[in-house]
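Data first, discussion second: the structure below is written as structure tokens.
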Amino acid sequence: MKKDFRNRLTDFLIIIINVSFVLALFFGEFFYIKNANARTRESNRQTFINTNVSLGSMTNNYLIGESHLCRSWAYYLNNESKAGRTKTMDEAIDFISESIIDNTVMAHIIYKNGDNSLKGYSTKARKDTNDNTVDYTSLKEVFASASEGMNISSSFMNPINISKSLAFYTEVKLVDPNDNTKQVDAYLLRVVLLNNLREEWTFPSGSFDRLEVAIVDRDGKYILSGNSFANESFYEYYKSYNATTSSGVEEFKNKIRTGSGYLTMNDYSHEKCFIAYSQLNSIEDWTILTYIPLSDINDVHNDWLVIAIIGFGLAALFIFDLVVLLFLNKNLKSTAKIADNANKAKTDFLSTMSHDIRTPMNAIVGLTTIARQDPTNSPATQDALNKIELASNHLLTLINDILDISKVESGKLAFNPLTFSITETFENLINISQPMIKSKHIDFAFYKHDIKYEWLYADKLRLSQIFTNILSNALKYTNENGKVQLGIKELDSEKEGYTRLVYIVKDNGIGMSPEFLQKLYEPFSRATDSRVNSIQGTGLGLAIVKQMVTLMEGDIECQSELGVGTTFTVTLDLQIAEKPQEEVSSNEENLDFSHINVLVTEDNDINWEIISTLLEMNGIKSERATNGKEALELMEDENSKGRFDLIFMDIQMPVMNGLDATREIRKFNKDIPIIAMTADAFSENVTECLEAGMNGHIAKPIDMKLVLAEIRKIKK
Ligand code: ATP
Ligand code: MG
């Protein structure tokens, strides 16, 4: 339930993180673009203003240049006059005509007559005629000087070619046409096409396609204007399309007349436009204006479609990934659950198998032990019984090995440390091996060096299992009359309070090939050798040894050569222990157990028969309860108080199982030792028994040594 909630929480968190990421992506993109747009707008505006200023400079240069050309003509004519060689109108016109290179430019010379008529001649004749007279009488405004520094006209229609033009003018002295001894004043005009000025301008390439230019005078009157400048004057234009007061217009005028800058206003189509303005240096009354619709300045070309596609594409990718992730997660979870279930099924299977094999094994082993005690047995019967015992022991080892390997694989192998003597352990090991040593006439030697700490604290049974496996292999895989050496020594350990035990077994047996050595520690691996096949074994021994050595943080090494021999070296750091205070004399075989009465709770008749007989053979009385409930009732019965010294309790029984019975008994009797005697031999089963209140656990088939050890404890 808890796990389910945690899984859901994880999924929820993954979703939240992903969604937040997508939102952050969108907002990030949005703000980035917004910022970038603001920067682009600002840069557009600045470029536009700079364009206005540079158009102003270009205009200035042009006007100054043209004005100088006009003055240079006058300078010549006036100098001639000063030198007494005053030119006539014809001479002056001829001189100027010769100095004009640009075909679009012409000069006009106008007599300043007292009667206010302004008539004269042009360097060019009217179109398709020989008439080059000009009359400026009705064009007097041309000579209303625009600036102190420069005499320049406002734009006007050139009477010769009827084109919008500008005129630069200055005064010259000419011979009086009526009296050639006198001089008269005249205006010399250099007349240029307004378009010539337009052609001087260059614009920044690419941008501002809709840019338009106007030049206005002090009153806002257009000297020159683009299409978007409506009305006669710029100020009228402003008034017509922008709601404003008269003081507002004045303010607007003052702004434009002085200095440079920019403003926004409505244009003739009532759209917002952006105007940059700057005063001309050469003619301070003139201002150059540049116009652009505001949208062109602000229009940042974001390809929203592309941005949207990328944004949504990314979001879709995230969502897709999220869905796939959650789906995979779900699959993984269900796979893990299946694996979990399979593992559980395997454990259940092994546990059931172990239980179901141990039950008949108990009968076989027990009954064989009983039968062997019969003095009337013929030698043949005795021999047969011995062989049954050997075979059953082998079968039992096999079951134990399979159980061990599955425990190791599922990480359930637990160690039960106790204080023991290392010397005694090796004496026992050698004793057990004697029958094989003798039967194969092996030349066996045992070396012991530097055993500084005899008493150690470790799982003695598991250690013996390691040592026995390796030594029995050496004996098994060495031919008759071969040689096996067993050596132990202690070295200093790096761990405080520990000693390093080195265990070496060397044989000159059949040895192993380098290929086989690669998989030596794999379960069920045996060398493919006819000699090995003929020897009993399953290939589990070393797999278990390796796992146990690893769990004990030790080391195992093997050196072997085919046909030469093998050396196994195991190194283990073992905790040093104190010598126990009371040492139980091992010579207790003939103790008197006649006063002891044991309650055996056992539903199976054969098992009951075996245990009761075995107990009886050791002089111990026993009574039977056929299930947990019977045992409980017997214990509850006031009359049977103190009748039993110990209870052996089977676990799987009808009516009431051993665990429940123990729990019930413990409610009123905490003292009587209750020992499980069961075919449930897994470590979980042992833990269950101890948790229910039992004092120990003996696995079936029953090992009488363990039974007697429990009985001895009562006697103490
Ligand atoms: P069991 O599970 O009963 O011990 P086993 O002895 O065949 O069976 P292991 O102890 O795991 O299995 O050894 C695996 C194999 O390694 C053996 O079958 C044998 O081929 C090889 N082997 C182990 N020890 C020696 C040795 N001292 N000399 C030669 N071969 C050996
Ligand atoms: Mg072996």
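Coordinate-derived values only; no laboratory data. Predicted model, so just to flag it, every value in this text is computed and none were measured. Methodologically, a virtual Cβ is constructed for each residue, glycine included, from the backbone with ideal geometry; neighbour enumeration extends over all protein chains shown.
Counting Lys and Arg as +1 and Asp and Glu as -1 over every other residue whose Cβ lies under 15 Å from the Cβ of Arg257, the net charge comes to -2. Under the simplified labelling scheme, the Asp321-Thr133 pair shows an inter-label distance of 9.2 nm, with each label point 7 Å from Cα along Cα→Cβ. Helix-only arithmetic for the chain: the sum of -39500 (n - 2.57) across DSSP H runs with n ≥ 4, divided by the residue total, places the mean residue ellipticity at 222 nm at -16000 deg cm²/dmol. In this calculation the C-beta distance from Lys519 to Ile307 is compared with R0 = 35 Å, giving a FRET efficiency of 0.05. Peptides 624-634, 688-698, 518-528 ranked from most to least packed give 624-634, 688-698, 518-528, packing being the mean of other C-beta atoms within 10 angstrom over each peptide's residues. What you get for the chain, charging only the Cβ of Lys and Arg (+1) and of Asp and Glu (-1), is a dipole of about 900 debye around the Cα centre. With a ≥ b ≥ c the root eigenvalues of the C-alpha gyration tensor of region 411-472, is it rounded (a/c under 1.5), prolate (a/b larger than b/c) or oblate? Oblate shape, in that a/c is at least 1.5 and b/c is the bigger or equal ratio. Antiparallel beta bridges, as assigned by DSSP with both residues in region 418-576, represent about 80 percent of the total such bridges. Between Thr419 and Asn178, residue separation times 0.36 nm minus the direct Cα-Cα distance comes to 71.5 nm. Net charge within 15 Å of Ser163 by Cβ-Cβ distance, Lys/Arg positive one each and Asp/Glu negative one each, not counting Ser163 itself? Counting the neighbours of Ser163, the net charge comes to +4. Shape class of the chain from the Cα gyration tensor (axes a ≥ b ≥ c, square roots of the eigenvalues): prolate, since a/c reaches 1.5 or more and a/b is larger than b/c.
Excluding same-chain neighbours fewer than eight residues apart, the aspartates and glutamates reachable from Lys412 by a Cα-Cα span under 18 Å are Asp340, Asp348, Asp401, Asp404, Asp459, Glu553, Asp680, Glu684, Glu688, Glu691.
Using C-alpha pairs under 8 Å with a sequence gap of at least 6, the mean separation divided by the residue count of region 586-715 gives a relative contact order of 21 percent. For region 203-298, the square roots a ≥ b ≥ c of the C-alpha gyration tensor eigenvalues yield an a/c of 1.5 or more together with a/b not exceeding b/c, which makes the shape oblate.
Taking every DSSP beta bridge that has both ends in the chain, the antiparallel portion is near 80%.
Descending by average beta-carbon neighbour count within 10 Å, the peptides 643-649, 280-286 line up as 643-649, 280-286, the highest first. Counted by neighbouring Cβ atoms within 10 Å, the residues Phe668, Phe274, Phe234 run from fewest to most as Phe668, Phe274, Phe234.
Using a cut-off of 22 Å between Cα atoms, the listed pairs Lys387/Lys713; Lys87/Lys182; Lys452/Lys579; Lys346/Lys407 include Lys387/Lys713 as exceeding that distance. The residues neighbouring Ser122, those whose beta-carbon lies less than 13 Å from its own, together hold a net charge of +1 under the Lys/Arg +1, Asp/Glu -1 convention. For the cross-link pairs Lys483/Lys519; Lys164/Lys221; Lys119/Lys221, the ones whose C-alpha atoms lie over 23 Å apart are Lys483/Lys519; Lys119/Lys221. Straight Cα distances below 20 angstrom link Lys34 to the aspartates and glutamates Glu42, Asp296, Asp299, Asp303, with same-chain residues fewer than 8 positions distant left out.
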